[in-house]
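The values are calculated or read from the model by the stated rules, or taken from the named source; none is laboratory data. Computed from a predicted structure; not experimentally measured. With ideal geometry, Cβ positions are generated from the backbone for all residues, glycine too; neighbour counts draw on all protein chains shown. Just so you know, the surface numbers come from the protein's heavy atoms only, side chains and all, with ligands and any DNA or RNA stripped out. Shrake-Rupley method; radii C 1.70, N 1.55, O 1.52, S 1.80 Å.
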Amino acid sequence: MSDRLSVRKTYKLYVGGAFPRSESGRSYTVNDAKGGFLANASRASRKDVRDAVVAARKAQSGWAARTPYNRGQILYRVAEMLEGRREQFTEELRSTGLSKTAARAEVDAAVDRWVWYAGWADKIAQVTGTANPVSGPFFNFSTPEPSGVIGIVAPDGPLLGLVSVLAPVIAVGNTAVLVAAEPSPLPAITLGEVLATSDLPGGVVNILTGHRAELAPWLASHMDVNGLDLTGVSGDLATECERAAAENLKRVLRPAQYAWTDDPGTIRMTTFLETKTVWHPVGV
Amino acid sequence: MFEYAPAPESREIVDIKPSYGLFIDGEFVDADRSFKTVDPASEEVLAEIAEADAADVDRAVTAARKAYDGVWSQMPGSERAKYIFRIARIIQERSRELAVLESIDNGKPIRESRDVDIPLVAAHFFYYAGWADKLEYAVRDPRPLGVAGQVIPWNFPLLMLAWKIAPALACGNTVVLKPAETTPLTALAFAEICRQADLPPGVVNIVTGAGETGRALVEHEGIDKVAFTGSTDVGRQIARAVAGTDKRLTLELGGKAANVIFDDAPLDQAVEGIVNGIFFNQGHVCCAGSRLLVQESIAEELLDRLKTRMATLRVGDPLDKNTDVGAINSAEQLEKIRMLSEVGEEEGATRWSPPCELPDRGFWFVPTIFTDVAQSHRIAREEIFGPVLSVLTFRTPQEAVEKANNTPYGLSAGVWTEKGSRILWMAQRLRAGVVWANTFNKFDPASPFGGYKESGFGREGGRHGLEAYLR
């Protein structure tokens, strides 16, 4: 038994590629499954939401303009970094009450899910795009494009849910402002550290920790947010957020029960994609 | 210049009844209250139309549910297809009658209802009929949603009905549709067509009425999907109303499209495209090219040609085959167009219209352009939904993109240039659901249509249009 005192980690927000504390100066206590103290996580404010949206907007056009091949490469790089931190994530998941075996399985599934979405970046256009056989001398084709800045309220619990809501949104060229799971936010911040060291441009993903009920309504009503994933919200708060999202007609993914280990399909990508149809006459 | 002799289409072919009921469960039924639909070109009352209240809407939804559970969702896709093909054929057989009826009730020129609206209506039913037994080639595990509540606008009454009903039926849903209160007649003619096709009762229900009827339909607990085409304001209200429910939603809302003309554009074709973009259907088009962005170096020449062309537009009797611009659909809409045009002048834009004689009765507005328009002007920001064009200029392609995208809407855009690489560069950057390059206002059932941003979500037409009606 060593008598060395461990160096504890300070968990901060991840905004615009940097790790600021909340501008409000607040934090909240995160406990382990047995109620023991784990960390003081930043408790983000409305201002932090706005800053994160500004960062996401700034990054969006550049991220969308990357070639799909390049986006896929960067997402795969994230998977490589995740793989390298398996032990760290496993420990963090164990502190939420998972057994070692369950935590390992969860981390492995999360890495594999990230790899799966990395491969979608340069394929989704071929699956959802079309050439349209219109009646007339026109070349007519439809292609998907990202909706823009997407607000995500991550589901409770472990890493797989977090990865499953984040990866599809950015794989197709959106940028994200994500509110981490309130009771177990630590894996999200550690994921932020992974993202920060894996060629992903700053601002593509922004991660806030804090109280969902305090943060989600500001994301939902923000006029520069184009889409809203309410997976981690429930009940009246979800309805309130969906109503607020109507103000600028955000694309909304409603809360539902998701089995994260099932085949996710393409819905989490297509909800936050637009279809653009271009017409051009054919002639000489 | 020689004058055209009048060439009116005969009204003989249509038989407008003095009054119409609601179409519920395959029958026309009475309602307690009614309203009048008028011919906007003459202000003549055409018919008394039943106004559905919440109880009537409930009966229609109940009929649609029964037809869904008992008949339509159980039927093989190949059989559903045959019903929809039948409808398409009957529309073709009755196309002249439907075109005349549409022009009388809506005010649009017969040239457009005959050559654009009705052929597209038939084409939509043909297109989606063929999908009914092929859905598993479009999506994985296709399952219908149930009962669809559909609310459509007055600018393309029968075409919007086709866009909504054809894919819904093909996917195995049943529908309750509310047409606009100023243009119910072709929807009621469609009800007769459903009967001629022997469509099982309750598969299609038509409830006529105004906003309250629409609200009762959208908020009815028995519907599984809401599809709406109309204003962004009403779209917002509907999105709020379905929040927290399981109802699926697609919205096709307003627009303020930029039509971008580069200095190398074929000018005569561009002028035709501009005219088609904003004066087609009296400008009552959500994707109308209402903001003209002209490269500065050719602005003067282009505007000269545009004004010359506008002076040849014939405004008047919708049933005259030579008419280019018909009547404004309602007194209310005319008032809105007048108000926004006056605001345009007050804010400092320069107004121009060709000399034009308008009929004494009816609702009319002369094709109008505004120059010296700033991006902050209301006429450059708000949807006017009338034959009013705002002209702005730009110098560089980048500036064109920024000005074009400077709007909360994102339904459509136009690009005119001979340079192919520039077209594709622009098309990539314009935040709009449809980009017409060297053409404008083209529609086809095989081509997905719908908006970005506050122009709504979901697509109608093409394979994408099926997704709105499948689980």
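What the table below lists for this structure:
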| quantity | calculated |
| --- | --- |
| Where B:Phe363, B:Phe370 fall by accessible area, highest first, once all protein chains stay in place (1.4 Å) | B:Phe363, B:Phe370 |
| For the stretch B:123-134, Karplus couplings with θ = phi - 60° (6.51, -1.76, 1.60), whole Hz, Gly/Pro x | 4, 5, 5, 4, 4, 6, 4, x, 7, 3, 9, 10 |
| Accessible area of the stretch B:336-457 belonging to carbon and sulfur atoms, whole % at 1.4 Å probe | 47 percent |
| Cα centroid separation - the stretch B:286-311 against the stretch A:46-115, whole Å | 50 Å |
| Accessible area of the protein assembly as shown divided out per residue, in Å², using a probe of 1.4 angstrom | 39 Å² |
| 222 nm mean residue ellipticity, helices alone, for chain B (DSSP H n ≥ 4; -39,500 (n - 2.57); rounded to 500) | -11000 deg cm²/dmol |
| Under-5 Å amide H pairs with B:Arg248, H placed in peptide plane, nonlocal only | B:Lys225, B:Val226 |
| Calculated diffusion of the stretch B:228-333, Stokes-Einstein form, Kirkwood radius summed over Cα pairs, 20 °C and 1.002 mPa s, µm²/s | 131 µm²/s |
| Helical contribution to [θ] at 222 nm, DSSP H n ≥ 4, -39,500 (n - 2.57), averaged over chain A, rounded to 500 | -13500 deg cm²/dmol |
| A:Trp218 - accessible surface, heavy atoms, 1.4 Å probe, Å² rounded to 10 | 100 Å² |
| GluC sites (Glu not before Pro) within the stretch B:211-316: DSSP coil, no more than 10 neighbouring Cβ in 10 Å | B:Glu221 |
| Span from the the stretch B:319-377 Cα centroid across to the the stretch B:199-263 one, whole angstrom | 28 Å |
| Pairwise label distance in nanometres, B:Glu357 with B:Thr245, each label 7 Å out on the Cα-Cβ vector | 5.3 nm |
| Taking the stretch A:154-233 and dividing mean pair separation by its residue count, relative contact order in percent (alpha carbons under 8 Å, at least six apart) | 35 percent |
| Angle in degrees between helix B:185-196 and the longest Cα principal axis of chain B, rounded to the nearest 10 | 40 degrees |
| Hz values of 3J(HN,Hα) by residue in the stretch B:232-241 - Karplus curve (6.51, -1.76, 1.60), Gly and Pro given as x | 5, 4, 5, x, 4, 4, 5, 4, 5, 5 |
| Rg over Rh, two decimals, the stretch A:1-64 (C-alpha only, Kirkwood Rh) | 1.15 |
| Candidates A:Ser45, A:Ser142, A:Ser27, ranked by Gaussian network fluctuation over chain A, Cα under 10 Å, top entry | A:Ser142 |
| Backbone HN-Hα couplings from phi across the stretch A:268-278 [Karplus 6.51/-1.76/1.60, Hz, Gly and Pro as x] | 6, 8, 5, 4, 10, 10, 9, 10, 9, 10, 10 |
| Farthest toward positive dipole pole in the protein assembly as shown [+1 Lys/Arg, -1 Asp/Glu at C-beta], among B:Leu466, B:Tyr20, B:Gly326 | B:Leu466 |
| Under 13 Å, Cβ to Cβ, from A:Ser42 - net charge with Lys/Arg +1 and Asp/Glu -1 | +1 |
| Whichever lysines have a C-alpha closer than 21 Å to that of A:Lys100, once near sequence neighbours (fewer than 8 apart) are set aside | A:Lys34 |
| Label point distance in nm, A:Arg4-B:Val343, each placed 7 Å from Cα along Cα→Cβ | 7.0 nm |
| GluC sites (Glu not before Pro) within the stretch B:331-398, DSSP loop, no more than 13 other Cβ atoms inside 10 Å | B:Glu357 |
| Buried accessible area, chains A and B (both chains, 1.4 Å probe, Å² to nearest 100) | 3000 Å² |
| Centre separation in Å (Cα based) which lies between the stretch B:399-471 and the stretch B:43-103 | 30 Å |
| FRET efficiency, 1/(1 + (r/R0)^6) with R0 35 Å, evaluated for A:Tyr258 and B:Glu43 via beta carbons | 0.05 |
| Mean Cα-pair separation over length for the stretch B:258-437, i.e. relative contact order, pairs under 8 Å, 6 or more apart, % | 29 percent |
| Largest to smallest accessible area among B:Tyr68, A:Tyr76, A:Tyr69, B:Tyr128 [probe 1.4 Å] | A:Tyr69, A:Tyr76, B:Tyr68, B:Tyr128 |
| Residues whose placed amide H lies under 5 Å from that of A:Ile207, excluding near-sequence neighbours | A:Tyr14, A:Val15, A:Leu178 |
| Chain B, relative contact order in percent, only Cα pairs under 8 angstrom and at least six apart counted | 18 percent |
| Placed amide H near B:Val294: partners under 5 Å, 5+ positions off or other chain | B:Ile261, B:Leu392, B:Thr393, B:Phe394 |
| Charge tally in the Cβ shell below 12 Å around A:Thr175, where Lys, Arg are +1 and Asp, Glu are -1, A:Thr175 excluded | +3 |
| Proximal lysines to B:Lys66, defined as alpha-carbon separation beneath 25 angstrom and excluding residues fewer than eight positions away on the same chain | B:Lys82, B:Lys134, B:Lys164, B:Lys178, B:Lys225, B:Lys247 |
| Solvent-accessible surface ranking, highest first, for B:Asp141, B:Asp324 at 1.4 angstrom | B:Asp141, B:Asp324 |
| Exposure of B:Arg431 as accessible area (Å², to 10), given a probe of 1.4 Å and all protein chains | 60 Å² |
| Candidate aspartates and glutamates - alpha carbon under 16 Å from A:Lys250, same-chain residues fewer than 8 apart omitted | A:Glu145, A:Asp224, A:Asp229, A:Glu240, A:Glu242, A:Glu274, B:Asp233, B:Glu252, B:Glu454 |
